[in-house]
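Report on the following structure.
The values are calculated or read from the model by the stated rules, or taken from the named source; none is laboratory data. All values reported here derive from a predicted model rather than from experimental measurement. All Cβ positions, even for glycine, are placed from backbone atoms using ideal geometry, and neighbour counts span all protein chains on display. Heads up: the accessible areas ignore ligands, DNA and RNA and are worked out on the full protein's heavy atoms, side chains in. Shrake-Rupley method; radii C 1.70, N 1.55, O 1.52, S 1.80 Å.
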Amino acid sequence: MYQQYAILPQTKESLSHILKHYSLFVNDRKQRGLAEQPMIVGVSGCQGSGKTTLCDTLTYLLKQEPYQLRVVNFSLDDVYLTHQEQLALAQRYPENKLYQQRGQAGSHDLTLATETFKALLMNQPSVSVPVYDKSLFEGQGDRLPKQDWKQVRGPFDIVLFEGWMLGFRSVEEKTLEAMYRSRQTLQSVRLDDLKVMNEHLKRYETELYPYLDLFIHLSPLDIQQVYQWRLEQEHHMKMTRGVTGLSDEAVKQFVNTYMPAYELYLPQLNTKSLFEQSDKQGHHLKIILDRERKVVQSEILLQTSNTIQKRQTGWINRRYLFVTCCVLMIGIMGYRRPNLFDSVFRVYDKIKK
């Protein structure tokens, strides 16, 4: 089953990204005299982008020859609040459209997430990984009882952790207010509703993101693609599992509640490395997908200072190349035209300016 996904460009690039940094990760811990522990890889992507399939395929491939690594994966969705807790959250914000169903920052049990990470990092012989079933309560979903959670046995080499909003960072309140005034799409909800979400997001930055060693981000070429992707996802779940789920109209309304978060936080994730404030240089891989989930572009997001330096270096190299070509051309011409030298460098001076 996974062979058909193994040949996809997003799979190949993600696999290469992981293997390169896993080797560096292991060597670094050895040199520093640190105990062995798994490398945690965050995988982010909009609903229906294929991040779960990507994680399952990577898990399969990494376990096989020639790698034979010990891998486990789970999702941010698996630590959603229970159905009853979600109902309580909705009652806490009765006028806030963003919190009448699961999904937004604040609808996850971050304590459960960090406890799961700690257990996996300690390489305990047996770890219970939570499981969430989105089909329960007519598509509203619920976390399964603990006896039905996934039981995994350590030690592990790699942990894959995926989530639709993984990597989103809060924005300053003044920025939020300015964005709200300038973008009509955000005005489908109240400004105060967005402030609640923005405040909840800060906990993810301080409690969850520090566990991530590596990051892979599947980004849509056009954010409107999410409607099609999520609808296809719902149809597939119904067909393959024979369960009830959301109607097509309910799926559209469901995705509508996520659009403000995409509008606010996706641009930043598309341009800034998740590890902007750390020494994890080159750890953020961004892969842009079109409507059919085909790779349009991929790049490693670097810290801002390094990105600027890279561009400056490139311009310097182009100037040296220009000068070299000019000298060669002059040599070939044998200085037959007295004014050629001055003409060439007048052109160079104009370009430099």
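For (1) of a type in the set (S, T, N, Q); (2) open to solvent by less than 10 Å² (accessible area, probe 1.4 Å); (3) closer than 13 Å to S49 by Cα, each residue gets a yes or a no:
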residue	(1), (2), (3)
L212	no, yes, no
Q224	yes, no, yes
V251	no, yes, no
N256	yes, no, no
Q281	yes, no, no
I288	no, no, yes
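Here are E138, E199, E207: which of them is under 24 Å from L89 (Cα atoms), at pLDDT below 95, open to solvent by 50 Å² or more (accessible area, probe 1.4 Å) and touching a Ser or Thr at 6+ places or on another chain (Cβ under 8 Å)?
E138
Go through the range 24-53 and give me each residue that's closer than 19 Å to P9 by Cα and either among the aromatic types (F, W, Y) or touching an Asp or Glu at 6+ places or on another chain (Cβ under 8 Å) (or both).
Selection gives V41, G42, V43, S44, G45, G48, K51, T52.
Condition (residue is within 30 Å of L24 (Cβ to Cβ) and at pLDDT 95 or above) applied to the range 256-266: is it met by at least one residue?
Yes, that holds for at least one residue.
Table: residues versus (1) surrounded by fewer than 15 Cβ atoms within 10 Å (Cβ to Cβ); (2) of a type in the set (K, R).
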residue: S14; (1), (2): no, no
residue: H17; (1), (2): no, no
residue: S23; (1), (2): yes, no
residue: K30; (1), (2): yes, yes
residue: E36; (1), (2): yes, no
residue: V43; (1), (2): no, no
residue: L58; (1), (2): no, no
residue: P66; (1), (2): yes, no
residue: N73; (1), (2): no, no
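Please verify whether the range 236-247 includes one or more residues that are over 18 Å from Y265 (Cα atoms), among the β-branched types (V, I, T) and without any contact (Cβ under 8 Å) to a residue 40 or more places away in the chain.
yes
H17: touching a His at 6+ places or on another chain (Cβ under 8 Å) and assigned to a helix (DSSP H, G or I), yes or no?
Considered against the rule, which asks whether it is touching a His at 6+ places or on another chain (Cβ under 8 Å) and assigned to a helix (DSSP H, G or I), H17 comes out as no.
Go through the range 141-160 and report how many residues are within 17 Å of D78 (Cβ to Cβ) and open to solvent by 60 Å² or more (accessible area, probe 1.4 Å).
So in the range 141-160, the residues within 17 Å of D78 (Cβ to Cβ) come out as 141-152, 156, 159-160.
Cutting the leftovers down to open to solvent by 60 Å² or more (accessible area, probe 1.4 Å) gives us 145-148, 150-151.
The qualifying residues number 6.
Scan the range 9-50 for residues that are in contact (Cβ under 8 Å) with a residue 60 or more places away in the chain and over 17 Å from the mean Cα position of the chain (by Cα) and report the count.
Number of matching residues: 5.
Kindly indicate the residue of the range 103-120 that is surrounded by fewer than 17 Cβ atoms within 10 Å (Cβ to Cβ) and in contact (Cβ under 8 Å) with a residue 24 or more places away in the chain and also nearest to P38 (Cα to Cα) among those meeting that condition.
The selected residue is T114.
Out of the residues in the range 161-196 meeting the condition of being within 14 Å of L266 (Cβ to Cβ) and open to solvent by 60 Å² or more (accessible area, probe 1.4 Å), tell me which one is modelled with the lowest pLDDT.
If we take residues in the range 161-196 being within 14 Å of L266 (Cβ to Cβ) and open to solvent by 60 Å² or more (accessible area, probe 1.4 Å), then T185 is modelled with the lowest pLDDT.
Each row is one residue, and each column tells you yes or no for (1) in a loop (DSSP other than H, G, I, E, B); (2) farther than 20 Å from Q37 by Cα; (3) over 22 Å from the mean Cα position of the chain (by Cα).
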position: L62; (1), (2), (3): no, no, no
position: Y67; (1), (2), (3): yes, no, yes
position: E85; (1), (2), (3): no, yes, yes
position: Q91; (1), (2), (3): no, yes, yes
position: L98; (1), (2), (3): no, yes, no
position: Q101; (1), (2), (3): yes, yes, yes
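Under the condition of being under 16 Å from the mean Cα position of the chain (by Cα) and open to solvent by 30 Å² or more (accessible area, probe 1.4 Å), which residue from the range 266-279 is farthest from L176 (Cα to Cα)? Walk me through how you get there before you give the answer.
Step one: list which residues in the range 266-279 are under 16 Å from the mean Cα position of the chain (by Cα), which gives 266-276.
When the remaining residues are screened for being open to solvent by 30 Å² or more (accessible area, probe 1.4 Å), the result is 267-268, 270-272, 276.
Working: P267: 13, Q268: 13, N270: 18, T271: 18, K272: 18, E276: 20 Å.
Looking at the filtered set, the residue picked out is E276.
Which of the residues belonging to the range 136-172 are more than 23 Å from G106 (Cβ to Cβ) and among the hydroxyl-bearing types (S, T, Y)?
Passing the criteria: none in range.
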